[in-house]
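Worksheet: the structure to be examined is printed underneath.
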Amino acid sequence: MQCGQAGKIKNKVLKLMATVIKLEAQQAQGADVAEKLAAETTKLDNNIATDKKNAGNPSTAVPFDADISA
């Protein structure tokens, strides 16, 4: 995997973690977000697995600008 790609995966993990936390909070408040939460959790799990597989490989910092929208 290229250095830039490893950095992108790290950023995806961070973004997906934030999204999952947001959805869990919405679910705790009674919102019906189970389907979206399941999909985002699957994406997160896949990206974590990819990140772990590339542990120790060099990565390049990638600019990251995240927004969590409702």
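As a test of reading the structure, rank Leu14, Leu23 by solvent-accessible area (1.4 Å probe, protein chains only), most first. Walk me through the numbers on the way to the answer.
Values: Leu14 100, Leu23 5 Å².
Ranking Leu14, Leu23 by accessible area, largest first, yields Leu14, Leu23.
Suppose R0 equals 35 Å. What FRET efficiency, 1/(1 + (r/R0)^6) with r the Cβ-Cβ distance, do Asp32 and Asn54 give to the nearest 0.05? Each step should come with its number before you reach the end.
On the way: r = 36 Å, r/R0 = 1.02.
Approximately 0.45, to the nearest 0.05.
For Thr42, the solvent-accessible surface with a 1.4 Å probe is about 80 Å², rounded to the nearest 10.
The values are calculated or read from the model by the stated rules, or taken from the named source; none is laboratory data. Since this is a predicted model, take the numbers as computed values, not measurements. Virtual Cβ from ideal backbone geometry, glycine too; neighbours counted across all protein chains shown. Each accessible area value is taken on the protein alone, full model and side chains, heavy atoms only, with ligands, DNA and RNA left out. Shrake-Rupley method; radii C 1.70, N 1.55, O 1.52, S 1.80 Å.
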